[in-house]
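The values are calculated or read from the model by the stated rules, or taken from the named source; none is laboratory data. What you see is a predicted model; the values in this text were computed from it and never measured. Cβ coordinates were reconstructed from backbone atoms using ideal geometry, including for glycine residues, and neighbour counts include every protein chain displayed.
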Amino acid sequence: MKIKKNDKIFLAGHRGFVGSAIYQKLKNEGFKKIVVVERKKLNLLDQKNTIRFIKKHKPKLVIICAAKVGGIKANINYGADFIYENLQVQNNLVYGSYINGVKKLIFLGSSCVYPKNFKRKIKETDLLSGNLEKTNEPYAIAKIAGVKMCQAFNKQYATQYLTLMPCNVYGPDDNYDLEKSHFLAAILKKIYDSKIRNSKVIKLWGTGVAKRELLFSEDLADAVIHFIKKNKVNHSLINIGSKNELSIKSYVKKILKILNIQMRVQFDGNKSLDGTLRKKLDVSLAKKYGWEEKTSFKEGILKSYNSLNK
């Protein structure tokens with residue numbers, strides 16, 4: 001079922017980092033009926049009101065960006081919140097979509113759902129083939145449940161519920177709270193703060209040896225639009241990744257070079273804050289459907305860093 005420019009789309013989580021990028025992309029692409037709602041008017045943890053909202057607006061497509069997210073320290077400290085809130089929100093939205101006749105839905109996952117420390121690129125079929133990284137296990141389990149829920153509804157009710165599984169995402173409007181942010185946002189914020197203070201040193205968590213794959217937020221939004229426009233997708237889970245994979249230590253050096261800033265970098269050496277050592281996605285399936293990233297790492301970093309001046 002192809003979504004047309006005049007079809008109604010409910011974007012859950014439009015105020016979030018990824019959701020705001022998707023919202024802007026939808027508007028730029030000419031989608032005219034984007035349904036959004038503030039959290040104070042609709043708490044997605046409330047099943048009855050969520051179902052009532054979907055029934056009232058009758059969207060043709062639901063996009064689930066709403067989620068409780070955070071970096072490694074937030075996941076360690078608030079695991080109960082991460083598993084409860086994410087399970088509740090996605091359950092309400094998926095079930096609410098089904099009982100109100102919504103045939104097409106896009107659920108955004110996270111690459112942390114895959115087993116830890118894969119030496120090769122991770123395929124969609126690797127889901128549930130090994131142990132999860134303990135530091136974000138509650139969040140990962142919630143997201144896995146969302147993947148499996150979409151697949152179960154497709155099998156039982158012939159819906160077209162698709163999970164897009166992105167790698168680490170960065171970009172403007174990211175969460176730059178140093179206690180809760182992901183690693184790339186933390187690096188940019190610490191560089192920015194050090195420059196403001198005229199300091200020549202930045203201090204980072206972990207050892208810097210863990211490798212990460214990075215995707216610009218506008219490219220993830222582009223992937224969502226790409227699959228919205230597809231008349232038929234024969235898979236229920238598709239990885240969305242990039243060409244960018246480096247160690248965290250190498251990313252810092254590359255970012256400082258792009259920004260033309262000279263600083264000394266100190267890692268605290270705490271291996272427990274490294275997380276999984278590698279998680280590079282195999283994106284061959286996305287490429288078969290005609291999608292690839294468009295933004296260079298340099299362009300993405302400059303846009304992200306410059307947004308800190310706002």
Original post:
Which of the following residues is at positive phi and without any contact (Cβ under 8 Å) to a residue 60 or more places away in the chain: 260, 234?
Top reply: 260
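Scanning for something of a type outside the set (Ser, Thr, Tyr), modelled with pLDDT of 95 or more and over 28 Å from residue 101 (Cβ atoms), does the stretch 195-211 turn up at least one residue? Before the answer, list the steps.
Within the stretch 195-211, the subset of a type outside the set (Ser, Thr, Tyr) is 195-198, 200-206, 208-211.
Right, trim to modelled with pLDDT of 95 or more and you get none.
Taking every residue of the stretch 195-211 in turn, none turns out to be of a type outside the set (Ser, Thr, Tyr), modelled with pLDDT of 95 or more and over 28 Å from residue 101 (Cβ atoms).
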Original post:
Can you tell which of 63, 51, 76 is out of contact with any Lys or Arg (no Cβ under 8 Å at 6 or more places or on another chain) and within 23 Å of residue 21 (Cα to Cα)?
Top reply: 63
Subject >> Which numbered condition residue 99 misses (of (1) farther than 23 Å from residue 15 by Cβ; (2) touching a helix residue (DSSP H, G or I) at 6+ places or on another chain (Cβ under 6 Å); (3) of a type in the set (Val, Ile, Thr)) >> reply: (2)
Subject >> Out of 291, 205, sole residue that is in contact (Cβ under 8 Å) with a residue 24 or more places away in the chain, more than 21 Å from the chain's Cα centre (by Cα) and under 30 Å from residue 147 (Cβ atoms) >> reply: 205
Original post:
Which of the following residues is of a type in the set (A, V, I, L, M) and surrounded by fewer than 17 Cβ atoms within 10 Å (Cβ to Cβ): 224, 201?
Top reply: 201
Original post:
Could we say that residue 107 is more than 19 Å from the chain's Cα centre (by Cα) and either more than 24 Å from residue 78 (Cα to Cα) or not hydroxyl-bearing (Ser, Thr, Tyr) (or both) here?
Top reply: no
Original post:
Does residue 99 satisfy the criteria of being modelled with pLDDT of 95 or more, more than 17 Å from residue 142 (Cβ to Cβ), in contact with a strand residue (DSSP E or B) (Cβ under 7 Å, 6 or more places away or on another chain) and β-branched (Val, Ile, Thr)?
Top reply: no
Original post:
Looking at (1) touching a Lys or Arg at 6+ places or on another chain (Cβ under 8 Å); (2) closer than 25 Å to residue 159 by Cα, can you tell me which one residue 82 breaks?
Top reply: (2)
Original post:
Restricting to helices (runs of 4 or more DSSP H) lying wholly in the stretch 60-167: which have 1 or more residues that are surrounded by fewer than 24 Cβ atoms within 10 Å (Cβ to Cβ) and of a type in the set (Phe, Trp, Tyr)?
Top reply: 79-99, 137-157
**OP:** Kindly list the number of the only condition in (1) part of a loop (DSSP other than H, G, I, E, B); (2) within 24 Å of the chain's Cα centre (by Cα); (3) free of Cβ contacts under 8 Å to residues at least 60 places away in the same chain that fails for residue 246.
**Re:** (1)
Original post:
In this structure, does residue 224 turn out to be outside any helix (DSSP H, G or I), of a type outside the set (S, T, N, Q) and touching a residue at least 12 places away in the same chain (Cβ under 8 Å)?
Top reply: no
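Okay, residues lined up against (1) of a type in the set (Gly, Ala, Ser); (2) closer than 18 Å to residue 182 by Cα:
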site: 205; (1), (2): no, yes
site: 221; (1), (2): yes, no
site: 225; (1), (2): no, no
site: 274; (1), (2): no, yes
Subject >> When residues of the stretch 16-37 are limited to those that are in a loop (DSSP other than H, G, I, E, B) and either modelled with pLDDT under 95 or among the β-branched types (Val, Ile, Thr) (or both), the one nearest to the chain's Cα centre (by Cα) >> reply: 16
Original post:
For residues in the stretch 1-42 being under 15 Å from residue 172 (Cβ atoms) and among the hydrophobic types (A, V, I, L, M, F, W, C), which is surrounded by the fewest Cβ atoms within 10 Å (Cβ to Cβ)?
Top reply: 17
Original post:
In the stretch 57-89, how many are within 30 Å of residue 5 (Cβ to Cβ) and among the charged types (D, E, K, R)?
Top reply: 2
Subject >> Scope the stretch 236-261; condition buried (at least 16 other Cβ atoms within 10 Å of the Cβ) and among the basic types (Lys, Arg); matching residues >> reply: 249
**OP:** Give me the pairs, please: first residue somewhere in the stretch 173-188 and closer than 18 Å to residue 16 by Cβ and surrounded by fewer than 21 Cβ atoms within 10 Å (Cβ to Cβ), second residue anywhere and modelled with pLDDT of 90 or more and charged (D, E, K, R), beta-carbon distance under 7 Å, and either six or more positions apart or on two chains.
**Re:** 176/189
